[in-house]
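Below is one structure, written out as structure tokens; comments come after it.
The values are calculated or read from the model by the stated rules, or taken from the named source; none is laboratory data. As the structure is a computational prediction, the values presented were derived from the model and not from experiment. All Cβ positions, even for glycine, are placed from backbone atoms using ideal geometry, and neighbour counts span all protein chains on display. Surface areas here come from the heavy atoms of the whole protein model, side chains and all, with no ligands, DNA or RNA. Shrake-Rupley method; radii C 1.70, N 1.55, O 1.52, S 1.80 Å.
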Amino acid sequence: MHETDRLLIEDISPAHAGEMFNGLQDSRAYKFIPDDPPRHFTALRERYRKLSANKISPDGREEWLNWVLRLKDGGSLIGFIQATINVGDRESLVAYQLFPAFWGKGYAQESLEWLVQELFHNRGVNVLVALIDTRNTNSIRLVEKIGFTMDKIIKDADSFKGRTSDEFRFILRREKFSL
């Protein structure tokens, strides 16, 4: 387990599925991502079982890291963060999702700052990548506040909810990072 000022950061496990299921049902959290709320608790528990059991891709090229975020005050789970590290070039894709009830309180920034530190200082990662729907202004502001810079636009990156979406590719290099 890891911690920040206000959060406990726990390796994801099947035991988290019950607490996470309800928070993941809020459709507002899926406006800019090509996922839908999980339909069944048992499917979510199975997904978490697989995520916790398989931290390396079958071909050995990727390391998969997944954590849930828990408030120190009250103990509620509020979302998750994840990283997919390319073992060869030490580049990592980062992602995060907070339950809408916890938006705008600084928890996303606090958890992402922890993740950046963890990946650069403890996991030997050299470059972080965040792929963000171009319409998601809050997420764009978040990564820019931490020091990510826009690298390129990916046209028609995803197709979901009846539309295609473009994504910004943001990067943060270890040598440019200071927090």
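Tabulated data
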quantity	calculated
Count - residues of the range 37-53 that are among the aromatic types (Phe, Trp, Tyr) and closer than 15 Å to GLY79 by Cα	1
Per-region count, the range 79-97, residues in contact (Cβ under 8 Å) with a residue 60 or more places away in the chain and β-branched (Val, Ile, Thr)	1
Total residues in the range 22-67, condition among the hydrophobic types (A, V, I, L, M, F, W, C) and assigned to a loop (DSSP other than H, G, I, E, B)	3
Contacts under 6 angstrom Cβ, first residue in the range 153-179 being closer than 25 Å to ASP36 by Cβ, partner outside any strand (DSSP E or B) and open to solvent by less than 100 Å² (accessible area, probe 1.4 Å), 6 or more apart	ASP158/PRO34; PHE160/PRO34; ASP166/THR134; PHE168/THR134; PHE170/VAL143; PHE170/PHE148
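Quick grid of which residues meet (1) surrounded by fewer than 13 Cβ atoms within 10 Å (Cβ to Cβ); (2) in a helix (DSSP H, G or I); (3) small (Gly, Ala, Ser):
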| residue | (1), (2), (3) |
| --- | --- |
| GLU118 | no, yes, no |
| VAL125 | no, no, no |
| ALA130 | no, no, yes |
| VAL143 | no, yes, no |
| ALA157 | no, no, yes |
| ILE171 | no, no, no |
